[in-house]
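Written below as structure tokens is the structure these notes are about.
The values are calculated or read from the model by the stated rules, or taken from the named source; none is laboratory data. Note that the structure is predicted; figures quoted are calculated from it, not measured. Cβ placement follows ideal geometry from the backbone for every residue including glycine, while neighbour counts extend to all protein chains displayed.
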Amino acid sequence: MSKKVILEYDGASKGNPGRSGAGGVLKSESGAEIARFREGLGHGTNNAAEYAALNRGMKTALDMGYDQIHVRGDSQLVHNQVQGHWKTRNENMSRYCSEAQQLGSQFKSFDMEHVPRGYNTAADSEANKAVNLPPGHVETEGGPYGYGGRY
């Protein structure tokens, strides 16, 4: 049986570059919140944080058994690079983009939607919390079967 999830993701960098974090929310097709996640990234750029949030969200969805995903984010750069509309000229962005494309290919269905910043407030909130976490520290809340924790 197919399981579909909506991922709303965002990245934050205080200083760009500066302290950065990734965050997001997984929702059901009806819009009910399933889980929240955040990851401390250390010193980095906003674009790197956006990619980290997208990739962490897809990994979380796969770990939770979802095989279809609809992704929403406010980063026009990430949206267009992952979909192949824009080239990735920066080596780091190219690696992040390749990882996102590889993760996306693990879903039976993968599509992306660029949304205005005002429609991404829950993910933005998680990303802003994440800038204060130690690099590599991941926190999740919610989800079925007690999915969540810190690692």
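Does Val5 fit the bill of being more than 24 Å from Glu141 (Cα to Cα), touching a residue at least 24 places away in the same chain (Cβ under 8 Å), aliphatic (A, V, I, L, M) and in contact with a Leu (Cβ under 8 Å, 6 or more places away or on another chain)?
no
Could you please find all residues in the range 47-60 being over 16 Å from Glu139 (Cβ atoms) and out of contact with any Asp or Glu (no Cβ under 8 Å at 6 or more places or on another chain)?
Passing the criteria: Asn47, Ala48, Leu54, Met58.
Determine whether Arg56 is touching a Phe, Trp or Tyr at 6+ places or on another chain (Cβ under 7 Å) and part of a helix (DSSP H, G or I).
Spelling it out, Arg56 is indeed touching a Phe, Trp or Tyr at 6+ places or on another chain (Cβ under 7 Å) and part of a helix (DSSP H, G or I).
So which residues in the range 12-48 are acidic (Asp, Glu) and assigned to a strand (DSSP E or B), if there are any at all?
Residues satisfying the conditions are Glu33, Glu39.
Kindly provide the set of residues from the range 38-47 that are touching a strand residue (DSSP E or B) at 6+ places or on another chain (Cβ under 7 Å) and under 17 Å from Val78 (Cβ atoms), ordered by number.
Glu39, Leu41, Gly44, Thr45, Asn46
Can you tell me which of Val5, Val78, Val71 is among the hydrophobic types (A, V, I, L, M, F, W, C), under 20 Å from Asp124 (Cβ atoms), part of a strand (DSSP E or B) and within 12 Å of the chain's Cα centre (by Cα)?
Val71
Among the residues of the range 48-80, write down those that are of a type outside the set (A, V, I, L, M), more than 18 Å from Tyr119 (Cβ to Cβ) and in contact with a helix residue (DSSP H, G or I) (Cβ under 6 Å, 6 or more places away or on another chain).
Tyr51, Asn55
Considering only residues of the range 87-126 that are in a helix (DSSP H, G or I) and charged (D, E, K, R), which is farthest from Glu139 (Cα to Cα)?
Taking the candidates together, the pick is Glu91.
Do we have any residue at all in the range 62-73 that's crowded, with 24+ Cβ neighbours inside 10 Å, modelled with pLDDT of 95 or more and touching a Gly at 6+ places or on another chain (Cβ under 7 Å)?
No: the range 62-73 contains no residue that is crowded, with 24+ Cβ neighbours inside 10 Å, modelled with pLDDT of 95 or more and touching a Gly at 6+ places or on another chain (Cβ under 7 Å).
Does Asp111 qualify as being out of contact with any Phe, Trp or Tyr (no Cβ under 9 Å at 6 or more places or on another chain), modelled with pLDDT of 95 or more and either under 25 Å from Lys3 (Cα atoms) or basic (Lys, Arg) (or both)?
So Asp111 passes the test.
Anything in the range 22-37 that is in contact with a strand residue (DSSP E or B) (Cβ under 8 Å, 6 or more places away or on another chain) and either more than 20 Å from Ser109 (Cβ to Cβ) or surrounded by fewer than 24 Cβ atoms within 10 Å (Cβ to Cβ) (or both)? List them, or say none.
Ala22, Gly23, Lys27, Ser28, Glu29, Gly31, Glu33, Ile34, Ala35, Arg36, Phe37
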